[in-house]
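Read the structure below first, then the notes.
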Amino acid sequence: MMSFLKSLSVSLFILLAASAANAVTISPTSVEISPTKKVVTLTFVNDTARDINVQSSILSWTQTNGKDAYVPSKDIVVVPAIATVKAGKTQTFRVSKVTFDTAEVEKSYRLYLEDVSPDFVDPKQQDIGVTFKFNQNLPVYYSTSKAKANRVFKAASCAADNAQQACIRIDNNDSRRLTVTNVVFQSATGKPQDDIDAGVVGTVLATGFKEFRFNKPANASSSVVVKTTFGDTTISIK
């Protein structure tokens, strides 16, 4: 599992780098499946100078003890499961669910598109350089009409790892996921223009909770505003 998490971090970094360089792009970046939208089409654009062999895998995504957990799953199907995307070309993938059940709570997965191409050596280059492989890791959500968001959540301070750090626990008591869009430290002087963004973003899955740890800025009060897709709330950091 640690190996996957390290790979996930590297993949997300490379995804951002790839997007900036317009080398590999994929859309949409989030997959929403339901009984009324059974198939979602992903578009994979390869603007690099080499062919890319792409292999897909699906992981069930849950949150255990406030942390993300991933387990291989066969609930979601990707067609084609393996494909070669030619240089400068586009490949489409169809994503669907094996069984369209009547779950009242949204289910979450991760779709991992891994670059399994052989190592590439440019014959025009005498020196051996660095070749990046662009792995994509996308959230996949399945919900029915019964999974309606009532926007019910709770935020509270939790135990940090050290004195320079803050910790916020968010409990999502809803049947749909919640997204944390930002955490803002209010200024010690009370001036809104001096408020400091903590740069915290993340997802709290349906009926789950997650803890966010981040550094405390200087010259800030202990009061923070937690901004989410379910609304904002102000809490005091211990």
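By the count of other C-beta atoms within 10 Å, a proxy for reagent exposure, Ile170, Ile26 are ordered fewest to most as Ile26, Ile170.
Among Thr203, Thr229, Thr36, which comes first, then next, by fewest other beta-carbon atoms within 10 Å? The partial results should precede the final answer.
Working: Thr203 19, Thr229 15, Thr36 8.
With the fewest neighbours first, Thr203, Thr229, Thr36 line up as Thr36, Thr229, Thr203.
Tell me, in nm to one decimal, what length is gained between Ser236 and Ala188 on full extension, where the rule is 0.36 nm per residue of separation less the Cα-Cα distance? Don't jump to the answer; show the numbers that get you there.
Working: separation 48, 0.36 × 48 = 17.28 nm, distance 1.26 nm.
Roughly 16.0 nm would be gained on extension.
Can you pick out the pairs among Lys74/Lys227; Lys97/Lys146; Lys37/Lys74; Lys67/Lys227 whose Cα atoms lie more than 26 Å from each other? Check vs 26 Å cut-off fails for Lys74/Lys227. A simple spin-label model places the labels of Ala156 and Asp101 3.0 nm from each other, with each point 7 Å out along Cα-to-Cβ. Maximal additional length on extending the Ser222-Gln164 stretch stands at 19.7 nm, based on 0.36 nm per residue less the C-alpha distance.
Quick one: Debye curve from the alpha-carbon atoms of region 153-236 only, equal weights, vacuum; give me log10 I(q)/I(0) at q = 0.19, 0.20, 0.26 Å⁻¹ to two decimals. Calculated log10 I(q)/I(0) at the listed q: -0.78, -0.85, -1.30.
Just so you know, all these numbers are worked out from the coordinates, no wet-lab data involved. Remember, predicted model here, so these are calculated numbers, not experimental data. Positions of Cβ are generated from backbone atoms using ideal geometry, with glycine treated the same way; all protein chains shown enter the neighbour counts.
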